[in-house]
Amino acid sequence: MTTFVLVPGMWLGASAWRDVVSRLTALGHSAYPLDLSLEPGTDLDAHVAEVIAVLEKNDLRDVVLVGHSYGGMVVSTAAGQAADRIGRVVYVDSGPLPEGVSQFDTTAPEEQEQTRASVVDGLVPVPAGVPEAVRAEGRPHPFASVTQGVHYTPEYATLPQTLVTCSFPADQVRGMVAAGHPFFARLQGADVVELMGDHWPMYSRPTDLADLLANL
């Protein structure tokens, strides 16, 4: 039996993982899908603290810590701070950004301007272009969390990693890792597995995603 802690991306909560959790538990595993705070002003450090609190409160060990999209920023920082509780870090269409880089930093200047203009009371609204399932469950996301950079401890480097790539073919990702692309540099030696489709496999391919996680 494996223990999974599942961290959602922007705008989403624990409910995004419901079908993945159902499959994992049917296979005999334990799963903890998280509801990160989406209150205005919540930053990355606060989300990291929420993950670590779940690990400590439930005394979880040898955890497979999974982050989707923005959740990758959260698990990157949390894993290094709680490395003694982590067995593997899994990125679902995400990855470990360079030290000090935020998710906001990875977007083009034009997109940054659009995002800043859309912020209301410190929150980024759910965009129109996401799938209907995401719009149905999504809530505005705290802007402060996506503009704070990730931070790594030395212990992070000791943890096994897996990248589940949904938006790019695995061979392309491996090539970017080998070339030392800054957004993939920390994935040297990581497992790269392909689950092609859209950016939201917990909705579009939940059984396949759960089976992939269970087989790591």
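The values are calculated or read from the model by the stated rules, or taken from the named source; none is laboratory data. What you see is a predicted model; the values in this text were computed from it and never measured. In this analysis, Cβ positions are derived from the backbone assuming ideal geometry, glycine residues included, and neighbour counts consider all displayed protein chains. What goes into the accessible areas is simple: the full protein's heavy atoms, side chains included, and nothing from ligands, DNA or RNA. Shrake-Rupley method; radii C 1.70, N 1.55, O 1.52, S 1.80 Å.
Among the candidates Ala117, Ala179, which residue alone is at pLDDT below 95 and farther than 27 Å from Asp35 by Cβ?
Ala179
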Exercise. What residue, of Ala190, Ala170, Ala157, Ala144, is of a type in the set (Gly, Ala, Ser) and within 23 Å of Leu12 (Cβ to Cβ)?
Worked result: Ala144
Seminar exercise, completed: Picking from Leu123, Leu36, the residue that is of a type in the set (A, V, I, L, M) and under 29 Å from Val177 (Cβ atoms) would be Leu36
Exercise. Just a yes or no: is a residue in segment 107-121 touching a residue at least 60 places away in the same chain (Cβ under 8 Å), part of a loop (DSSP other than H, G, I, E, B) and more than 15 Å from Leu159 (Cβ to Cβ)?
Worked result: yes
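Within the group Ala46, Ala14, Ala26, Ala31, which residue is touching an Asp or Glu at 6+ places or on another chain (Cβ under 7 Å) and of a type outside the set (S, T, N, Q)?
Only one candidate passes the filter, namely Ala14.
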Exercise. Among the numbered criteria (1) exposed (fewer than 11 other Cβ atoms within 10 Å of the Cβ); (2) of a type in the set (Gly, Ala, Ser); (3) in a helix (DSSP H, G or I), which single criterion is violated by Ser145?
Worked result: (1)
For this session: From Pro109, Pro98, Pro140, grab the single residue that is open to solvent by 50 Å² or more (accessible area, probe 1.4 Å) and either under 20 Å from Val74 (Cβ atoms) or touching a strand residue (DSSP E or B) at 6+ places or on another chain (Cβ under 9 Å) (or both).
Result: Pro140
Exercise. Got a number for residues in segment 15-51 being outside any loop (DSSP other than H, G, I, E, B) and either within 16 Å of Val74 (Cα to Cα) or at pLDDT below 95 (or both)?
Worked result: 10
Problem set entry | Filtered residues of segment 148-163 (kept if in contact with a strand residue (DSSP E or B) (Cβ under 6 Å, 6 or more places away or on another chain), crowded, with 19+ Cβ neighbours inside 10 Å and of a type outside the set (Val, Ile, Thr)) | Gln161, Leu163
Exercise. In segment 186-207, which residues are open to solvent by less than 70 Å² (accessible area, probe 1.4 Å) and among the charged types (D, E, K, R)?
Worked result: Asp198
Exercise. Consider Pro8 against the criteria (1) in contact with a strand residue (DSSP E or B) (Cβ under 8 Å, 6 or more places away or on another chain); (2) within 18 Å of Tyr152 (Cβ to Cβ); (3) of a type outside the set (A, V, I, L, M); (4) open to solvent by less than 10 Å² (accessible area, probe 1.4 Å): it satisfies all of them except one. Which criterion is unmet?
Worked result: (2)
